[in-house]
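To start, the structure itself, in structure tokens.
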Amino acid sequence: QVQLVESGGGLVQAGGSLRLSCAASGNIFRFRAMGWYRQAPGKQRELVASFTSGGTTDYADNVKGRFTISRDNAKNTVYLQMNSLKPEDTAVYFCNVVVGVTTNWGQGTQVTVSS
């Protein structure tokens, strides 16, 4: 069973930066994809950034050039570096790992960007 724990969210002013972390436990050796999603109030959950086991990285258009997804294999941790934050980035951010046919989610971490 895979468990994901996100951290690093908080309140930041527009233009600031945050780094989110997602610590994974359990068998993720055969992961298919890892990524970050977000959900703002009243909106659907959307992809922010992801990468596959094959090395393909994908970003939402509205975060390209500002956000960077990365992974520390030794720590089984996925990061999301968020720079030049905007108020519209305010949301709960969720970590996601797909292992086989199972999609695993973390509990989410709140990011609030003030104008």
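Which of the residues that make up region 2-42 are modelled with pLDDT under 95, surrounded by fewer than 14 Cβ atoms within 10 Å (Cβ to Cβ) and part of a strand (DSSP E or B)?
Answer for region 2-42, where residues must be modelled with pLDDT under 95, surrounded by fewer than 14 Cβ atoms within 10 Å (Cβ to Cβ) and part of a strand (DSSP E or B): 3, 25.
Considering only region 84-99, state which residues are closer than 16 Å to residue 41 by Cβ and assigned to a strand (DSSP E or B).
91, 92, 93, 94 - these are the residues of region 84-99 that are closer than 16 Å to residue 41 by Cβ and assigned to a strand (DSSP E or B).
State whether the residues of region 100-115 include one that is more than 21 Å from residue 41 (Cα to Cα), among the small types (Gly, Ala, Ser) and touching a Phe, Trp or Tyr at 6+ places or on another chain (Cβ under 6 Å). Can you show your working first?
Of region 100-115, the ones more than 21 Å from residue 41 (Cα to Cα) are 100-104.
From what's left, among the small types (Gly, Ala, Ser): 100.
If we keep only those that are touching a Phe, Trp or Tyr at 6+ places or on another chain (Cβ under 6 Å) too, we end up with none.
Within region 100-115, not a single residue is more than 21 Å from residue 41 (Cα to Cα), among the small types (Gly, Ala, Ser) and touching a Phe, Trp or Tyr at 6+ places or on another chain (Cβ under 6 Å).
State the number of residues belonging to region 49-69 that are at pLDDT below 95 and more than 16 Å from residue 98 (Cα to Cα).
Here the count works out to 0.
Across region 75-113, what is the total count of residues that are open to solvent by 20 Å² or more (accessible area, probe 1.4 Å), modelled with pLDDT under 95 and of a type in the set (Val, Ile, Thr)?
Residues meeting the conditions: 5.
Only one residue in 103, 90, 77 is free of Cβ contacts under 8 Å to residues at least 24 places away in the same chain and out of contact with any Asp or Glu (no Cβ under 8 Å at 6 or more places or on another chain), so which one is that? Let's see the steps before the verdict.
On the way: 90 fails: free of Cβ contacts under 8 Å to residues at least 24 places away in the same chain; 77 fails: free of Cβ contacts under 8 Å to residues at least 24 places away in the same chain.
Only one candidate qualifies: 103.
From the residues in region 43-72 that are among the small types (Gly, Ala, Ser) and within 15 Å of the chain's Cα centre (by Cα), which one is least open to solvent (accessible area, probe 1.4 Å)?
Among those residues, the one meeting the criterion is 49.
If you check 45, 71, 38, 32, which single one turns out to be basic (Lys, Arg) and within 17 Å of residue 12 (Cα to Cα)?
Working: 45 fails: within 17 Å of residue 12 (Cα to Cα); 71 fails: within 17 Å of residue 12 (Cα to Cα); 32 fails: within 17 Å of residue 12 (Cα to Cα).
One residue alone meets the criteria, 38.
The values are calculated or read from the model by the stated rules, or taken from the named source; none is laboratory data. Keep in mind the model is a prediction, meaning the values are calculated, not measured. Counting neighbours? That spans all protein chains shown, and the Cβs are built from the backbone with ideal geometry, glycine included. SASA here: full protein model, heavy atoms, side chains in, ligands and nucleic acids out. Shrake-Rupley method; radii C 1.70, N 1.55, O 1.52, S 1.80 Å.
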